[in-house]
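Comments concern the structure below.
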Amino acid sequence: MTNEKKLLKYLVPVITILTVLLIILVPIRFLMTPAFVQLEYSMPWFPDDPYGFSTEERLKYGAPTLKYMTQGEPLSAIADLTMDDGTPVYNERELKHMDDVQKITRVVLWILYGSALLLVAIWSWLFRIDQLSWFKKGLANAGQITAGFMLVVLFGVALSFDTIFTWFHKIFFEDGTWMFLTSDSLIRMYPTRFWMDIFIYIGGFVILVGGGLWMKFRKTK
């Protein structure tokens, strides 16, 4: 086997990993936008806030919160948010959690953008040397992995969303730092239904795209 053939063979798992990351992270980035939040709030099944936040208030406080998470703003951007009566929107526990969320979000976004750039670079090189079949093999592998993994996740969500949600937080956050009262603003703006829908939307996207890639490229020679 020539050195070029060896390199091409080793590139397949790299392409697979990068594609897996993109398939999962692209919908996450899309959902972290005011447009999605507004759409979610408009759904007929989305619950009202039992403590009185209107949809307009949820959007009013949610927009700067999303901006804080995705654009690396200082914590004061949300710490200074106040309700009409002057009460801070977020308490200290919520602010601490949002600080943790921002740090994780920034890492996730760097992984997303870096994976996309590297994948484009690999595709460009393989295109130039007329070896795109290796790229397609990586896409097929990634599609199979992501679709299979997400089917398992959605099955778990259907059986017990609380268990999946708890394990997700245990992976990324310290124990006790992500649990809040139902009267806290984070829960009032983003109740369980919000997060359940996010898992479903991401799962649907991943299964559709992953399954499509696998079906299209699985017979690549």
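The values are calculated or read from the model by the stated rules, or taken from the named source; none is laboratory data. No experiment lies behind these values; they were computed from the predicted model shown. Neighbour counts are summed over all protein chains in view; Cβ atoms, including those assigned to glycine, are modelled from backbone coordinates with ideal geometry. SASA here: full protein model, heavy atoms, side chains in, ligands and nucleic acids out. Shrake-Rupley method; radii C 1.70, N 1.55, O 1.52, S 1.80 Å.
Numbers at a glance
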{"item": "Rough spin-label spacing in nm, given labels placed 7 Å along Cα→Cβ, for residue 190 and residue 43", "result": "1.5"}
{"item": "Per-residue ³J(HN,Hα) for the range 60-75, Karplus 6.51 cos²θ - 1.76 cosθ + 1.60, θ = phi - 60°, Hz, x for Gly and Pro", "result": "4, 8, x, 4, x, 5, 5, 4, 4, 5, 9, 10, x, 6, x, 4"}
{"item": "Accessible area per residue, Å², the chain with all protein chains present, probe 1.4 Å", "result": "58"}
{"item": "Hull shadow area, averaged, the range 98-201 [alpha-carbon convex hull, nm²]", "result": "8.2"}
{"item": "Cα lying deepest toward the dipole's positive end in the chain, options 35, 176, 63, charges on Cβ", "result": "35"}
{"item": "Top of 167, 123, 134 by mean-square fluctuation, Gaussian network on the chain, Cα under 10 Å", "result": "167"}
{"item": "C-alpha long axis of helix 132-172 to longest principal axis of the chain, angle in °", "result": "30"}
{"item": "Inter-label distance for residue 220 and residue 73, nm, one decimal - labels placed 7 Å from Cα along Cα-to-Cβ", "result": "4.1"}
{"item": "Acute angle (nearest 10 degrees) that the helix 3-31 long axis makes with the longest principal axis of the chain, alpha-carbon atoms", "result": "20"}
{"item": "Enclosed volume per residue, in Å³, of the convex hull spanned by Cα atoms of the range 71-138", "result": "106"}
{"item": "Value of [θ]222 nm, deg cm²/dmol, for the chain, DSSP H segments ≥ 4, -39500 (n - 2.57) each, nearest 500", "result": "-26500 deg cm²/dmol"}
{"item": "Of all accessible heavy-atom area on the chain, the percent that carbon and sulfur account for (1.4 Å)", "result": "67"}
{"item": "Ratio Rg/Rh, restricted to the chain and using Cα atoms, in which Rh is the Kirkwood radius", "result": "1.05"}
{"item": "Rounded tilt (10° steps) of 92-128 against the dominant C-alpha axis of the chain", "result": "20"}
{"item": "Segment residue 180-residue 36, length gained on full extension (0.36 nm per residue, minus Cα span)", "result": "49.5 nm"}
{"item": "Relative pair counts by distance (%), Cα atoms of the range 1-130, 5 Å bins", "result": "2, 8, 15, 15, 15, 12, 9, 7, 6, 5, 4, 2, 1, 0, 0"}
{"item": "Estimated inter-spin distance, residue 93 and residue 120, nm [label 7 Å along Cα→Cβ]", "result": "4.4"}
